[in-house]
Amino acid sequence: MKKIVLLFSSLFIISCVSNEPKPIKLNVDTCEFCKMTISNGKFGAELLTKKGRYYKFDDLSCMLLYAKENTNVQVQSFFVNDYAKDNTLIPAEQCFYLRGGSINSPMRGNFAAFASDKDQDNFQKQLNAKTLTWEQVFTMY
């Protein structure tokens with residue numbers, strides 16, 4: 001009987017681990033890497049570990065530098081804010097990216113992420129920025 005209870009308890013705990021982002025509390029949460037308060041909803045980022053711990057960042061560059069420097073942290077998911085929708089986290093691997101031009105992020109990573117290629121195209125003209133894929137962004141750091 002104890003084994004059955006243990007099995008169900010373990011399954012319950014495992015099923016409670018989510019792969020969803022936790023909202024960033026602007027002007028409250030601090031960046032895990034640079035320790036600055038996260039205040040801009042266009043550039044925040046979040047890392048979810050395989051153990052279910054969330055790390056929040058004020059810039060995509062902070063998240064990438066943290067992940068590369070802390071190789072003992074096993075990453076399950078990366079999330080970035082959608083530049084077109086203030087403070088809305090989306091999976092980083094599925095995003096369309098811009099860099100440079102008139103993009104001015106908190107720690108000068110100067111990346112903007114978008115949920116759709118249409119938004120990326122519209123903002124590319126406005127921001128005069130270069131298009132990138134997640135693979136290109138990830139390997140830059």
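Readers should treat all values here as calculations from the given coordinates under stated rules, not as data from a laboratory. Since the model is a prediction, treat every value here as computed from it, not as a measurement. Positions of Cβ are generated from backbone atoms using ideal geometry, with glycine treated the same way; all protein chains shown enter the neighbour counts.
Some points to look at:
- CD proxy at 222 nm, helix term only [per DSSP H run n ≥ 4: -39500 (n - 2.57); per residue of the chain; nearest 500]: -9000 deg cm²/dmol
- Rounded to the nearest 20 debye, dipole of the chain from Cβ charges on Lys, Arg, Asp, Glu: 460 debye
- Lys51/Glu20 FRET efficiency (R0 22 Å; Cβ-Cβ; nearest 0.05): 0.90
- Global geometry of the range 45-86, whether rounded, prolate or oblate, following the gyration tensor of its Cα atoms and the 1.5 cut on a/c: oblate
- Label point of Asn27 set 7 angstrom out along Cα-Cβ; within the range 69-87, amide nitrogens under 19 Å from it belong to 86-87.
- Relative contact order %, the range 23-139, counting alpha carbon pairs below 8 Å whose residues are six or more apart: 22 percent
- Euclidean distance of C-alpha centroids, the range 21-66 and the range 98-141, integer Å: 18 Å
- Options (i) 32, 16, 14; (ii) 22, 18, 15; (iii) 26, 16, 13 - which one matches semi-axes √(5λ) of the Cα gyration tensor in Å as calculated here: (i)
- The range 99-141: trypsin sites (Lys or Arg not before Pro) in DSSP coil with no more than 14 other Cβ atoms inside 10 Å: Arg108
- Within the range 77-98: backbone nitrogen closer than 14 Å to the Thr131 label point (7 Å, Cα to C-beta): 95-98
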